[in-house]
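I have placed the structure first, in the form of structure tokens, so that the comments after it can refer back to it.
Every read-out reported here was derived from the displayed coordinates using simple, explicitly stated rules and does not represent laboratory data. Bear in mind that the values here come from a model prediction, so they are computed numbers and not experimental data.
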Amino acid sequence: MRSALEVMICYPGFHALQFHRLAHWLWHKNWRLLARSISHFSRFVSGIEIHPGAQIGRGFFIDHGMGVVIGETAEIGNNCTLYHGVTLGGTSWAKEKRHPTLGDNVVVGAGAKILGPFLVANGSKIGSNSVVVKPVPENATVVGIPAKVVVGMKDPKERKSSERLDLEHGKLPDVQARNIAQLMNKIHAMEQRLEEFEQELKQYR
């Protein structure tokens, strides 16, 4: 980012958020058709679809933004970051809360899908291309399909005031590789034990 003017002209995430603020206000004034029309136009010009009913807090940032989808009953806290291809989706057609709630300071990596009416708690980080289908605890990092907790993050109270929010959503543990490595170690240990048994049996022949 080089200037405020560049943000206003060239950042689709900024455009989508401004359209959403207007559409959200109209939605709650029961100008539903006009609100949806503005949302639809916003999707056309920015590639970002935000339902007018979604609630979004302060300091929200969408990086690049193409393909982002935010459902009607989604709630997003303060200072959250979403990368391109993220979906905050529902799993039913019921007229109730059916989309996720993000707490404050949540980072959602590119291509991640969060599906269902549960909480992704404060300070959590969702790895790129993860599929989240159950609640995420506070200050946790989740990766995989389905996503699982792999790292406990530093408590926000322990962070220095100068420490920036960690946006390295691509540098996360490889859960599959770790599990395979653990299995290989167990197999190696079993093979060694089997060789010992064979040597002991030879002594009695």
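Quick notes on this structure:
- Here the relative contact order of the chain, from alpha carbon pairs under 8 Å that lie six or more residues apart, stands at 10 percent.
- Here the Karplus curve 6.51 cos²θ - 1.76 cosθ + 1.60, taken at θ = phi - 60°, turns the phi angles of the stretch 68-74 into couplings of 6, 10, 10, x, 4, 9, 5 Hz, with x standing for Gly and Pro.
- Antiparallel DSSP beta bridges within the chain, percent to nearest 5: 15
- Over the chain, the fraction of Cα-Cα pairs per 10 Å bin, rounded to whole percents and listed from the shortest bin up, is 8, 30, 28, 15, 7, 5, 4, 2, 1, 0.
- Beyond 27 Å in Cα-Cα separation lie the following of the pairs Lys113/Lys186; Lys125/Lys186; Lys29/Lys125; Lys29/Lys97; Lys95/Lys125; Lys148/Lys186: Lys113/Lys186; Lys125/Lys186; Lys29/Lys125; Lys95/Lys125.
- If you take the Cα centroid of the stretch 103-126 and the Cα centroid of the stretch 31-49, the two points sit 24 Å apart.
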